[in-house]
Amino acid sequence: MWPFRVSKKSVAPEFRGAPAVRRIKHYAAENGHTYRYFYCGWRLNGSDATEYMFECRRDTSAPETVRVILSRENLDACAAQIGRNLLSSEQYAIVKLALFRSFDSSNDALSEAPIVPSSGEMIELLQQLGRM
């Protein structure tokens, strides 16, 4: 008999794509706060979304985890509107710009709820990037 039990709980997949050395980046938000953040990686969240994770710190506060989720439904709607699938680099750019928008609009502590850009927001961000 084994001295431990094997749990049958489903384990969330590990995050991938994190740089070997964490590069702390800075962002001066429109609300006057300065944010330091670094990218922790991404993972598939089931078959219907991709989740990106960042560790963020506002001014001198404690670090907080911020998640940005690109849902398959919103990605497909965006792709239908622009006539092509988004490149992985475009998806990451949308994630970063959505994160910055969250920083700009946040006056209190960062929300624990994930950031989920709509297809309309994705198109707006792609236009901002000159990718339309």
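Using the membrane-span-like helix rule (whole DSSP H runs, Cα extent along the own axis of at least 20 Å, mean Kyte-Doolittle hydropathy at least -0.5), which helices of the chain qualify?
88-105
Dipole size in debye (nearest 20) for the chain around its Cα centre, Lys and Arg Cβ +1, Asp and Glu Cβ -1? Walk me through the numbers on the way to the answer.
On the way: 17 positive and 15 negative charges, 133 e Å.
Computed charge dipole of the chain: roughly 640 debye.
Quick one: if you stick a label point 7 Å off each Cα along the C-beta vector at residue 26 and residue 113, how many nm between them?
Label at residue 26, label at residue 113, 3.2 nm between them.
List the pair-distance distribution P(r) of the chain, using every Cα-Cα distance, as the percent of pairs falling in each 5 Å bin from 0 up to the bin containing the longest distance, rounded to whole percents.
2, 9, 18, 20, 17, 14, 9, 4, 3, 2, 1, 1, 0
Suppose only helical runs count, i.e. DSSP H with n ≥ 4. What mean residue ellipticity at 222 nm does that imply for the chain under -39500 (n - 2.57) per run, divided by all residues and rounded to the nearest 500 deg cm²/dmol?
Rounded to the nearest 500, the figure is -9500 deg cm²/dmol.
Which parts of the stretch 30-72 would a label at residue 82 reach, counting a residue when its backbone N lies under 15 Å from a point 7 Å out along Cα-to-Cβ?
70-72
Quick one: which residues, 5 or more positions from residue 41 or on another chain, have an amide H under 5 Å from its amide H? H modelled 1.01 Å from N in the peptide plane, none for Pro or chain starts.
Excluding prolines and chain starts, which carry no amide H, the hits are 53.
Once the piece of chain linking residue 57 and residue 36 is laid out straight, how much longer is it, given 0.36 nm per residue of separation minus the C-alpha distance between them? Before the final figure, lay out each step's value.
On the way: separation 21, 0.36 × 21 = 7.56 nm, distance 0.52 nm.
In short, 7.0 nm is gained.
Return the whole-Å distance between the Cα centroid of the stretch 11-80 and the Cα centroid of the stretch 85-99.
Centre-to-centre (Cα) distance: 11 Å.
Every number in this text was worked out from the coordinates using simple rules, so none of it is lab data. Keep in mind it's a predicted model, so treat the numbers as computed, not measured. Glycine also receives a Cβ, built like all others from the backbone with ideal geometry; neighbour counts cover every protein chain displayed.
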